[in-house]
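Reviewing the structure listed below.
The values are calculated or read from the model by the stated rules, or taken from the named source; none is laboratory data. The structure displayed is predicted, hence computed values, not measured ones. FYI the Cβ positions are ideal-geometry reconstructions off the backbone, even for glycines, and counts take in every protein chain you see.
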């Protein structure tokens, strides 16, 4: 019989709204034996069954909910059903576009807390970030095999957040032989992905539609692509007829992959530059030189990793947007993003507006951008919304 996690009085309100997290402060006691990652029944203070979840005694998120159905067991059938449901929801994306890489499981928003699964052609990469997810690794692998029987399965659970769950970072290939790199298709464009050392599970799948939209703005334009990683925004710009593209990143290896991607798509390196340097410093140098661009893309890494450094991150976002606004030609476009889930959308807009004001630039927001459709946000889990973007026209 499963152990029971008893809530303090009147602390079940979030569960009644189907939010999948229970914080340590909401727990009165645990009845029965519950080890790391075990499935426990969640009970109200007065003994009412509420949900079934994974227990994590070392985390501030003391339990993550698997199901609100008392008849549902957390077994192979459960995981196969959740993956099949998610796969069916992604069919419109796969069938509509010339695309073979996408997010299959977006953790809580697909009803599988702490689990991320990405598909890269014939390779499936998973991240297990919670104690419950780690406990059911074999079931998750079996569920993946039920949908993709011939795939390679690789785990990239190399994220420090696992330590908060009492888990160590882990990387392993669970089925097949993992290639160092794999070529995927995204909207018909060929992209080389480093599955071993690449960011996240190898690539930023959440920007697919945003890259497509950006490319359409770049015909005959000069483009500065900041924090370019492997240069995919720049690749879309070139594919759409950009006159000149500069990709800027701190990683030499990422910039080399960018060059390969350009050549693999039959495009010329002649009208591109790849600069390995600090973006903030480069923008200041360009400002002092009087250099300008038609399109600037700011897609920085996460500036906010806790609520404590939100103010510091806000200053960083403001500074970089101020600099970018000052480098735009009249009628030019700034595409600016924050991938920090702790950065509220309204605050990000205010920061960008303040950046324009400090740069003494008049600008309009003409479009809002967000994570792609294979990164859904459950209505019960607003924390799943993390990627905010604005298209600003000077």
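Does at least one position in the range 279-292 carry a residue that is within 25 Å of the chain's Cα centre (by Cα) and either at pLDDT 95 or above or closer than 24 Å to residue 393 by Cα (or both)? Full working, then the answer.
Narrowing the range 279-292 to residues within 25 Å of the chain's Cα centre (by Cα): 279-280.
Still in the running and either at pLDDT 95 or above or closer than 24 Å to residue 393 by Cα (or both): 279-280.
Yes: one or more hits.
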Problem - Residue check, residue 39 crowded, with 19+ Cβ neighbours inside 10 Å and closer than 21 Å to residue 143 by Cβ - result: yes
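Report whether or not residue 115 is surrounded by fewer than 16 Cβ atoms within 10 Å (Cβ to Cβ), within 20 Å of the chain's Cα centre (by Cα), without any contact (Cβ under 8 Å) to a residue 60 or more places away in the chain and within 28 Å of residue 178 (Cα to Cα). Walk me through how you get there before you give the answer.
On the way: surrounded by fewer than 16 Cβ atoms within 10 Å (Cβ to Cβ): no; within 20 Å of the chain's Cα centre (by Cα): yes; without any contact (Cβ under 8 Å) to a residue 60 or more places away in the chain: yes; within 28 Å of residue 178 (Cα to Cα): yes.
Considered against the rule, which asks whether it is surrounded by fewer than 16 Cβ atoms within 10 Å (Cβ to Cβ), within 20 Å of the chain's Cα centre (by Cα), without any contact (Cβ under 8 Å) to a residue 60 or more places away in the chain and within 28 Å of residue 178 (Cα to Cα), residue 115 comes out as no.
Can you tell me which residue is surrounded by the most Cβ atoms within 10 Å (Cβ to Cβ) among those in the range 267-285 that are in a helix (DSSP H, G or I) and in contact with a helix residue (DSSP H, G or I) (Cβ under 8 Å, 6 or more places away or on another chain)? Write out each step before concluding.
In the first step, residues of the range 267-285 are kept if they are in a helix (DSSP H, G or I); the result is 279-285.
Next, from what is left, pick out any that are in contact with a helix residue (DSSP H, G or I) (Cβ under 8 Å, 6 or more places away or on another chain): 279-280, 283-284.
Details: 279: 20, 280: 14, 283: 23, 284: 14.
Filtering first and then ranking leaves 283.
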Problem - Checklist (1) at pLDDT 90 or above; (2) surrounded by 15 or more Cβ atoms within 10 Å (Cβ to Cβ) applied to residue 317, failing item - result: (1)
Exercise for the section: Just give me the residues in the range 158-174 being surrounded by fewer than 17 Cβ atoms within 10 Å (Cβ to Cβ) and touching a helix residue (DSSP H, G or I) at 6+ places or on another chain (Cβ under 7 Å), in sequence order. Expected result: 166, 168, 169
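In the set 365, 361, 320, which member is touching a helix residue (DSSP H, G or I) at 6+ places or on another chain (Cβ under 8 Å) and in a loop (DSSP other than H, G, I, E, B)? Give the steps one after another, and end with the answer.
Working: 365 fails: in a loop (DSSP other than H, G, I, E, B); 320 fails: in a loop (DSSP other than H, G, I, E, B).
Exactly one of 365, 361, 320 is touching a helix residue (DSSP H, G or I) at 6+ places or on another chain (Cβ under 8 Å) and in a loop (DSSP other than H, G, I, E, B), namely 361.
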